[in-house]
There are 2 protein chains.
Amino acid sequence: MLPALHRNLFIAVLFCGVSCAMAQNTLQQYQSVNFSKVRIMDNFWRPKLEKVSTVTIPVCIDQTEVKTPRIRNFEIAAGKRKGKFEGIFYDDSDVFKALEAIAYSLKNHPDAALEKKADDWIDLIAAAQLPDGYINTYYTLQFLDKRWTDMSMHEDYNGGHLIEAAVAYFDATGKRKLLDVAIRFADHFDSLFGPGKRDWVTGHQELELALVKLYSNTKQKKYLQLADWLLSERGQKKAVGYTWTDWKDTAYAQDSKPVREQKEITGHAVRAMYMYTGAADVAAHTGDQGYMQAMKTVWEDVVYRNMYITGGIGSSGSNEGFSVDYDLPNENAYCETCASVGMVLWNQRMGMLTGEGKYIDVLEKSLYNGALDGISLAGDKFFYGNVLASNGKQARRDWFGTACCPANIARLIESLGNYIYGYNNNSIWVNLFVGSQTEIGLKNQQVVIQTQTNYPWEGAVGILVSPQKKERFALRVRYPGWVSGEAVPGGLYTYENNKQHSLTLLSINNQPVKYTIENGYLVIDREWAPNDQVSISFPMDIRRVYSRSEVKANVERVALQRGPLIYCVEGTDNDGKALNIVLPKTAQVVTAKQQVLTENVVSLEAEATVLSVMPGGENVQAVKKKIRAVPYYTWNNRGAGQMLVWLPQRILDIKIN
Amino acid sequence: MLPALHRNLFIAVLFCGVSCAMAQNTLQQYQSVNFSKVRIMDNFWRPKLEKVSTVTIPVCIDQTEVKTPRIRNFEIAAGKRKGKFEGIFYDDSDVFKALEAIAYSLKNHPDAALEKKADDWIDLIAAAQLPDGYINTYYTLQFLDKRWTDMSMHEDYNGGHLIEAAVAYFDATGKRKLLDVAIRFADHFDSLFGPGKRDWVTGHQELELALVKLYSNTKQKKYLQLADWLLSERGQKKAVGYTWTDWKDTAYAQDSKPVREQKEITGHAVRAMYMYTGAADVAAHTGDQGYMQAMKTVWEDVVYRNMYITGGIGSSGSNEGFSVDYDLPNENAYCETCASVGMVLWNQRMGMLTGEGKYIDVLEKSLYNGALDGISLAGDKFFYGNVLASNGKQARRDWFGTACCPANIARLIESLGNYIYGYNNNSIWVNLFVGSQTEIGLKNQQVVIQTQTNYPWEGAVGILVSPQKKERFALRVRYPGWVSGEAVPGGLYTYENNKQHSLTLLSINNQPVKYTIENGYLVIDREWAPNDQVSISFPMDIRRVYSRSEVKANVERVALQRGPLIYCVEGTDNDGKALNIVLPKTAQVVTAKQQVLTENVVSLEAEATVLSVMPGGENVQAVKKKIRAVPYYTWNNRGAGQMLVWLPQRILDIKIN
């Protein structure tokens, strides 16, 4: 049966190609332009993509293949060498996630040697797959008879990352060997689990969103149905095994209620983000209003009460996830890098489903702050958690025992192009402001879009909108909350002056133009002509941000924001200390230019009150001093040291060190 | 076979009784007097034992039976009700540990209703045991076919606590139903694992020490051999399964080297303590010098480089265990209560094996500080971790998801009598100074020993040594390190004036007496007569304690100690704050009397430098102020608040809150 099936798939793919992913669906307001069609050219992101291709991915390969036994496990399972499984049961997923990052990188930065390396890995993976489609070195090499008995053991999670890697690698190279492995795995899973077959309540969601990708690639409806069914399994008290998580704590893996009935965010942050991303993907195809309503309510619970100003989520280390509302400690913030990546994924889907800019506002916040902080400027070191205050002990690390974050941030950056533009039949959407070029197929013609900007340092954004011939359609440019005066939707954080500070200037071909503001977008609905040049100037005022008083950690404190970037004070710029700085309400804050390593940034300066210990160590004095703040994502690149995002406006209490 | 075996055992027990535990062995210098022969009568410990009997044990029962499904799981397994397993896989152990505490309590504080409750539980446990001797509700109720496949799943750990409870309950009541269950379990384990049978590298040591208890009770050598074999399995890369722990981190469960080759303390602190206690118990019977040498070296690694001044161990929360040498943070100290209990267990054994007082010095430190802090003065709330500095957020809790600590501290306090006296053929050992009475059988006669003291508040200790007839033997009274001037062995902590502050006065029947000091004991070797009254007066100077400079957290800081007690400053005694106090080197510290709730304690007072925020919140001033310190074990009984053990001697740095 398999060969016939594959033949059919092959034909389907030939005829369908990338456009399959754009198939009409019942709920989406627009479709994101695939990264493979977007060329990024700016001074902010382009070097970061290059760094991931030339530094981060080699680091991931070295760690996966040489420094840890992840590839070795596949070699043993493939019969290429003798030995025992080593590592932990979800290590296979790191191989797949690295392959996914490589796939995106090959599009952005073709590299024959890298492609050869990926092909070699894929050969091993294919050889490690069992005849029935099962693939998991942890079980295969140790106790195959126990496979699929413990729902918390990430067999399906690993499989989900296999599918994501396979679809990405096929899209990047046209090579289908890994895709065939993924299809065999998905069919194996489908043969065991589903309506009328065995139950499966995964301990770590991921397969759902992956199956929708496989559906988009293959057009086989069973994968979409399986994803939907996996979601429907939750909240029914059907979990079995769960040795890896506390059985009692069904909230940990979002299993305490059916997905459609969920109203609050609970448990492990990454699991939650992947689950809702999967639910959004399913809803996009099925039009499921139950998922939609639940996701809107849960999203409000995240953003209104449980999100850091950096867009990071999951404040608690003990469950790698959510605590109680407003519990957002800064020094002990967990804020896993992967959870911020998950925020980008989910909010992208919510944006497409609703057409509302607030989701992209949050996406942008998580991307430029919580996620980007997870990787060093040099691309070779990583944060697993991302604190908002440091006593100087934190440092990015080369790798982790549980190594989910490095390859996750790598694949996110390499696929950044996915998040910039969108389209439907009669509109083009500009979501992120990234110097880049793409071509978008509207109903009647291709339109070239080219963005030029020095964002996020400057607010001027030029957008060339160039149809081949005159046609009327709408250009929808996101009108960021940080411009309109909404620090975040829901009011967890507010700006000191909760109004637009300066006007946004907008012109076309140097002429003023009529526009409306709808759902967080500047909408210019008009007849466009070749080489129309849109100019927008977002005001880059420095914003003082405050928390709701329920956030105990931020009482009488202020954070600084400019554009989408959150700032922090770091010891290295401030005589070695940061936790001794008071920023009075009256202090004026101005911009300055600065280099953080090779990164040219806009930093902030202010006259602050700084406490210092007097000689002898028996008293303390306050002095007025110029302090400097740098973009949060750049901290900890010049050595470990104190850091603080939320600056006290007066001394409430002190602690002697 | 079983009935015959049991008959034999029964006869053996009749003839052997408690004295079996005293059987001659090859290595021990002395044997501890069993708690069941020691009547505690002082004002410090007696009320604590009563509190555990009347408050803590009822709390444990309520939590185990009513508020959580621990007993319910046994009811289901026993076929008394329908339902599914709920909880986590090591929950059975909490039932057993509560039973062990009850057993000791029944000796100290007979209570027919409590004994009836224990008997009911034991009926359930017996009914839940499978015919082949296996007992574990987690596997029995869910997937019995997977039993004994994953060495990290605590099946043997639970079984160890079953054995400890069974031996204790038999000793307390003479009832052998639970003992028979334990023997059947041990025989079941023995039938599967051992030389020539299957390997077993436990993920959580405990069964080893329990099997030695069962050996002492039954005199069946196979249990001793099995304990020895379990130890010998470690460090051979034989661990299988280990889903619950990171396979790669063999150090986590002390499995990276064979026990006899271990030189450093690693990994999970409780696992380590239980393992070395088991190794000491085996060595006591087999004379194994390999274990002895390893334990001495590892003990030095614990005490010289990795122990808090409170006798707590395991500084790191991520592995519930040891970090790198000298990494002893105060605010983030993990210091699990169970690990301090483990320190008491292991050091008791080391003391018996070597006759050296330094082990009992450490035992006393862990007991009066790190362990006792784990339970509230009212006996109804518990700390899992025991920090040495608090920003005010810590609070003892009613119970824990992982509930190892409450019953563990309960069983320790109820069995306190085990740690006071020791004996061999020609010596009596006084290890702890607790107002109490016992009768000790030397070779030729019984000797009544009665201690009277107001320790730890006062240093006067009266010991009545009353043989029936005159006889020469040695009385060995521990000469504490805190008297001799050694804060801890190895110099991790030192006293400001590292000499004896005042002389210890010692007389017999009001006459000066000749004594020697050997291995940390005051030795009076003489002919004793009925009603001889020894009077000792230990100097109760207030000691300033310093850390080695390698302990970064304590640089330029001082801790206060008086007798065995470590002190702390608590906000409630100091205008609501503690983290703003500087205790200059020149500050004089004096004693005062104080009540902490109903506990009469000796507290300390000093003229310190206290920082306070000036009105307006833009500056800080230092004022001289009287501050007060209370015994560490009493903190957090008058509400949450700031607390500090290590006081800065000058302001090195400050942090604004």
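Things worth noting here:
- Pairs with C-alpha atoms separated by more than 19 Å, drawn from the list B:LYS97/B:LYS197; A:LYS222/A:LYS443; A:LYS221/A:LYS257; A:LYS197/A:LYS237; B:LYS48/B:LYS107; B:LYS51/B:LYS97, are B:LYS97/B:LYS197; A:LYS222/A:LYS443; A:LYS221/A:LYS257.
- At R0 = 45 Å, FRET efficiency that the Cβ-Cβ distance of B:ARG81 and A:LYS222 yields, to 0.05: 0.60
- Other-chain or far-sequence residues with amide H under 5 Å of A:ASN454's (modelled H): A:ALA460
- Interface residues in region A:612-657 - accessible area drops by 40 Å² or more relative to the isolated chain, probe 1.4 Å: A:VAL613, A:GLY617, A:GLU618, A:ASN619, A:VAL620, A:ILE651, A:ASP653, A:ILE654, A:LYS655, A:ILE656, A:ASN657
- A:ALA112 label point (Cα plus 7 Å toward Cβ) to equivalent points in the other copies: 9.4 nm, shortest first.
- Counting only protein heavy atoms and a probe of 1.4 Å, the accessible surface of region B:85-220 is 51% carbon and sulfur.
- Principal semi-axes in Å for region B:547-648 [√(5λ), Cα gyration tensor, largest first]: 22, 18, 13
- In a DSSP loop and with at most 12 other Cβ atoms within 10 Å, the trypsin sites (Lys or Arg not before Pro) in region B:512-554 are B:LYS514.
- Given charges at beta-carbon only (K, R positive; D, E negative), |dipole| of region B:4-419 in Debye: 700 debye
- Label zone (A:LYS238, point 7 Å along Cα-to-C-beta; backbone nitrogen cut-off 13 Å) within region A:174-198: A:192-198.
- Here is the tail figure for the protein assembly as shown: Cα pairs spaced more than 56 Å apart come to 27 percent of all pairs.
- A:PRO258 label point (Cα plus 7 Å toward Cβ) to equivalent points in the other copies: 6.0 nm, shortest first.
- Taking the longest Cα principal axis of chain B as reference, the axis of helix B:112-128 is set at about 50 degrees.
- Calculated accessible area for chain B comes out at 34 Å² per residue, all protein chains present (probe 1.4 Å; ligands, DNA, RNA ignored).
- Rounded to 0.05, the FRET efficiency of the B:THR586 and B:SER549 pair, given R0 = 30 Å and the Cβ-Cβ distance, is 0.90.
- Cα gyration tensor, region B:34-123 - rounded (a/c under 1.5), prolate or oblate: prolate
- DSSP beta bridges fully contained in chain B are about 95 percent antiparallel.
- Top positive-direction residue, dipole computed over region B:550-657 with Cβ charges, set B:ILE566, B:MET643, B:SER612: B:ILE566
- With respect to chain B, whose longest principal axis is taken over its alpha-carbon atoms, helix B:177-192 is tilted by about 80°.
- Count Lys and Arg as plus one, Asp and Glu as minus one, and take only other residues whose Cβ is under 15 Å from that of A:GLY174; the net charge is then 0.
- Whichever aspartates and glutamates have a C-alpha closer than 19 Å to that of A:LYS585, once near sequence neighbours (fewer than 8 apart) are set aside: A:GLU496, A:ASP541, A:GLU556, A:GLU605, A:GLU607, A:ASP653, B:GLU618
- For region B:547-648, averaging the sequence separation of C-alpha pairs within contact (under 8 Å, six or more residues apart) and dividing by the residue count gives a relative contact order of 37 percent.
- Spatial offset of region A:264-279 relative to region B:215-290 amounts to 41 Å, using the alpha carbon center of each.
- The mean number of Cβ atoms from other chains found within 10 Å of a Cβ in peptide B:75-84 is 0, as a whole number.
- A:ASP132 paired with B:ALA112, simple spin-label distance in nm, labels 7 Å along Cα-to-beta-carbon: 6.1 nm
- q = 0.11, 0.14, 0.17 Å⁻¹, region A:190-325: log10 I(q)/I(0) [Debye, one scatterer per Cα]: -0.38, -0.62, -0.90
- Take each residue of peptide B:393-404, count the partner chain Cβ atoms within 10 Å of its Cβ, and average: the result is 1.
- Overall form of region A:385-513 per C-alpha gyration tensor (a/c, 1.5; a/b vs b/c): oblate
- Projecting the Cα atoms of B:ILE542, B:ASN519, B:ALA553 onto the dipole axis of region B:502-565, where Lys and Arg carry +1 and Asp and Glu carry -1 at the beta carbon, places B:ALA553 farthest toward the positive end.
- Here is how far apart the A:PRO539 label points are across copies: 7.5 nm, shortest first, using a point 7 Å from Cα toward Cβ.
- Here, P(r) means the percent of Cα pairs in each 5 Å bin from 0 to the largest distance; for region A:354-402 it is 5, 18, 21, 21, 15, 9, 7, 4, 1.
- The sum of -39500 (n - 2.57) across all DSSP H runs of n ≥ 4, divided by the residue count of chain B, sets its helix-only mean residue ellipticity at 222 nm to -10000 deg cm²/dmol.
- Scaling the Cα radius of gyration of region A:432-472 by the globular reference 2.2 N^0.38 Å produces a ratio of 1.31.
- In Å², nearest 10: area of B:THR243 left accessible to a 1.4 Å probe: 10 Å²
- Accessible-area composition of region A:571-657, carbon plus sulfur, in percent [1.4 Å probe]: 48 percent
- Listed peptides B:529-536, B:352-359, A:599-606 by packing density, highest first (mean Cβ within 10 Å): B:352-359, A:599-606, B:529-536
- Interface burial for B against A (accessible surface, 1.4 Å probe, total of both chains, Å², rounded to 100): 4600 Å²
- Per principal axis, descending, Cα span of region A:454-548 in whole Å: 51, 24, 19
- In region A:356-435, a dipole from Cβ-located charges (positive for Lys and Arg, negative for Asp and Glu) runs towards its positive end, and of A:ILE409, A:ASN386, A:VAL430 it is A:ASN386 whose Cα lies farthest in that direction.
- Total charge dipole magnitude, region A:132-270, about the Cα centre, Cβ charges on Lys, Arg, Asp, Glu only, Debye to nearest 20: 360 debye
- Mean separation of Cα contacts under 8 Å, 6 or more apart, over the residue count of region B:4-419: relative contact order %: 19 percent
- Relative contact order, percent, region A:332-447 [alpha-carbon distance under 8 Å, six or more residues apart]: 24 percent
- Stokes-Einstein D in µm²/s, Kirkwood radius over Cα pairs - region B:4-419 at 4 °C with 1.567 mPa s viscosity: 61 µm²/s
- Between helix B:91-108 and chain B there is an angle of about 70 degrees, using the helix long axis and the longest principal axis of the Cα atoms.
- Ratio Rg/Rh, restricted to region B:57-204 and using Cα atoms, in which Rh is the Kirkwood radius: 0.96
The values are calculated or read from the model by the stated rules, or taken from the named source; none is laboratory data. Predicted model only: the values in this text are computed from it and were never measured. Please note: Cβ atoms are built from the backbone with ideal geometry, for glycine as well, and neighbour counts cover all protein chains shown. These area figures cover heavy atoms from the full protein model, side chains too; ligands, DNA and RNA do not enter into them. Shrake-Rupley method; radii C 1.70, N 1.55, O 1.52, S 1.80 Å.
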